[in-house]
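A.B. asks: This is the structure, below, for whatever I ask next.
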Amino acid sequence: MKIFYFLCLLFFAAGCNSPADQEKDDATENDLDAARYFIQASLKGQYNKARDFMLQDSVNEQHMDAVSRVALPSAEKQGLWDASINIHSRKLVNDSTSVIIYSNSFHKENNDTLRVLKVNGKWLVDFKYLFNQDTLYTSNNHNPH
């Protein structure tokens, strides 16, 4: 069910504008900014922009491709477009890995988890982490497994 709600937050009209190079560089200087830019682009349906903040591997690409193909009703799209991001916790696993627990104001009762990795000096979202059943948690438990 959590995956469904996250997919809902990601699935709506795709806007394909890439961010400016400076915006991308600034966003990937720390884990929270990388996660925030990824989530915000996803909420707005800007999947190509979200990919700029995502770890590039075949599994992440497959998940993003699947998410980008789902059509949402107009009211859902607008709700996600207008949503704000709520960061509930950030766990630094080590100097190159963190886990971010967040929700959005449109689906505020549904928390999701992203892993953010530092690769070649840039922080990138490992999107597949969300889909790994071992890492999901209930909204009453704010600690990822």
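The values are calculated or read from the model by the stated rules, or taken from the named source; none is laboratory data. Note that the structure is predicted; figures quoted are calculated from it, not measured. Every residue, glycine as well, gets a Cβ built from its backbone with ideal geometry; the counts of neighbours run over all protein chains shown. In case anyone asks, the SASA skips ligands and DNA or RNA and just uses the protein heavy atoms, side chains included. Shrake-Rupley method; radii C 1.70, N 1.55, O 1.52, S 1.80 Å.
A.B. asks: Within segment 48-75, work out how many residues are open to solvent by 10 Å² or more (accessible area, probe 1.4 Å) and assigned to a helix (DSSP H, G or I).
C.D. replies: 13
A.B. asks: Starting from segment 74-90, take each residue that is farther than 15 Å from Asp31 by Cα and list its partners that are assigned to a helix (DSSP H, G or I), counting only C-beta distances under 7 angstrom and pairs at least six apart or across chains.
C.D. replies: From residues that are farther than 15 Å from Asp31 by Cα, the pairs are Glu76/Cys8; Leu80/Leu9; Leu80/Leu43; Trp81/Leu43; Ala83/Leu43.
A.B. asks: Restricted to segment 85-105, and to residues that are under 13 Å from the mean Cα position of the chain (by Cα) and open to solvent by 50 Å² or more (accessible area, probe 1.4 Å), which residue is farthest from Lys122 (Cα to Cα)?
C.D. replies: Of everything passing the filter in segment 85-105, Asn86 is farthest from Lys122 (Cα to Cα).
A.B. asks: Ok, one more. Is it true that some residue in segment 121-135 is among the aliphatic types (A, V, I, L, M) and open to solvent by 20 Å² or more (accessible area, probe 1.4 Å)?
C.D. replies: yes
A.B. asks: Give the residue, chosen from Lys49, Lys24, Lys44, that is charged (D, E, K, R) and at pLDDT below 70.
C.D. replies: From the options Lys49, Lys24, Lys44, the qualifying one is Lys24.
A.B. asks: Only one of these conditions is not met by Asp31: (1) more than 13 Å from Val116 (Cα to Cα); (2) in contact (Cβ under 8 Å) with a residue 24 or more places away in the chain. Which number is it?
C.D. replies: The single condition Asp31 does not satisfy is (1).
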